[in-house]
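In what follows, a single structure is set out as structure tokens and then discussed.
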Amino acid sequence: MEKTGLKLTELSDKELVDLALQQNQAAFIVLYTRYSAGVRSHISKYISQAEDREDVALESFQKAFSQIGLYNPEYRFSTWLYRIARNTAFDHISRKDREKNSMPTTSISDNLPELNDIAAATHNPEEDIINQQEYDKWLANIEKLKDDYRTVAKMNLIDHFGYKEIAESLDLPINTVKTRIRRAKAQLLKMMDISDELQ
């Protein structure tokens, strides 16, 4: 699965995207691990509830990974991903809080100049070191979850099934699936000593 003598975590975003396009599931996990903190941080600019932020972050990755063939490698992967996260956040707000918050209901334009600065503001070498050290731990910890949580975590984080697909496959209410995924993620983050990122 991995290139000889080179960990997936050492690959560039473009190399990981190339592997992801070949349905290499580990490449998806590395991209998720590399950018999950940045995506949650970006979403927190628009959504205050921690629970909602986690839902929007998961939905953002699901959208990005399901549409990864549309990614244009001329641009930074992070810029593309954060744009999806921002649009997903605004879609969430427009669905739930549009009238209360008087927020815009349309998706953000792809051409906003500020998008060019996002990657530099949210990515740093320390995160790369942490991600490299914790990649194998991430996979191992999924296996340590209780059955109910392990099943949905694998389907969502590894196989990239959406809530609806998981609910139908396991014959569960969609809210139960969302709760289990959220709790599984919280447990995984605690196992990896980064649970403060959920706050």
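The figures follow:
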| item | result |
| --- | --- |
| Evaluation of Thr122 against (1) at pLDDT 50 or above; (2) touching a His at 6+ places or on another chain (Cβ under 7 Å) (one fails), failing number | (1) |
| Test result for Thr33, within 10 Å of the chain's Cα centre (by Cα) and either over 19 Å from Arg182 (Cα atoms) or among the hydroxyl-bearing types (Ser, Thr, Tyr) (or both) | yes |
| Contacts under 8 angstrom Cβ, first residue in the stretch 59-82 being outside any helix (DSSP H, G or I), partner crowded, with 16+ Cβ neighbours inside 10 Å and of a type in the set (Phe, Trp, Tyr), 6 or more apart | Tyr71/Phe77; Tyr71/Trp80; Asn72/Trp80 |
| Pair list, Cβ < 7 Å and 6+ apart or interchain, from the stretch 30-42 residues that are in a helix (DSSP H, G or I) to residues that are surrounded by 22 or more Cβ atoms within 10 Å (Cβ to Cβ) and modelled with pLDDT under 85 | Tyr32/Leu157 |
| Residues located in the stretch 9-34, provided they are of a type in the set (Asp, Glu), at pLDDT below 90 and surrounded by 18 or more Cβ atoms within 10 Å (Cβ to Cβ) | none |
| Selected residue (criterion: surrounded by the fewest Cβ atoms within 10 Å (Cβ to Cβ)) from residues of the stretch 35-60 that are out of contact with any Leu (no Cβ under 8 Å at 6 or more places or on another chain) and closer than 17 Å to Trp138 by Cα | Ala37 |
| Count of residues meeting criterion [in a loop (DSSP other than H, G, I, E, B) and farther than 19 Å from Asp147 by Cβ] in the stretch 161-176 | 1 |
| Pair list, Cβ < 7 Å and 6+ apart or interchain, from the stretch 142-153 residues that are assigned to a helix (DSSP H, G or I) to residues that are of a type in the set (Val, Ile, Thr) | Arg150/Ile142; Val152/Ile166; Val152/Val177; Val152/Ile181; Ala153/Ile142; Ala153/Ile181 |
| Some residue of the stretch 37-56 being of a type in the set (Lys, Arg), within 18 Å of Lys185 (Cα to Cα) and at pLDDT below 90 | yes |
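The values are calculated or read from the model by the stated rules, or taken from the named source; none is laboratory data. None of the values given here were measured: they were computed from a predicted structure. Backbone-built Cβ (ideal geometry, glycine too); neighbour counts: all protein chains shown.
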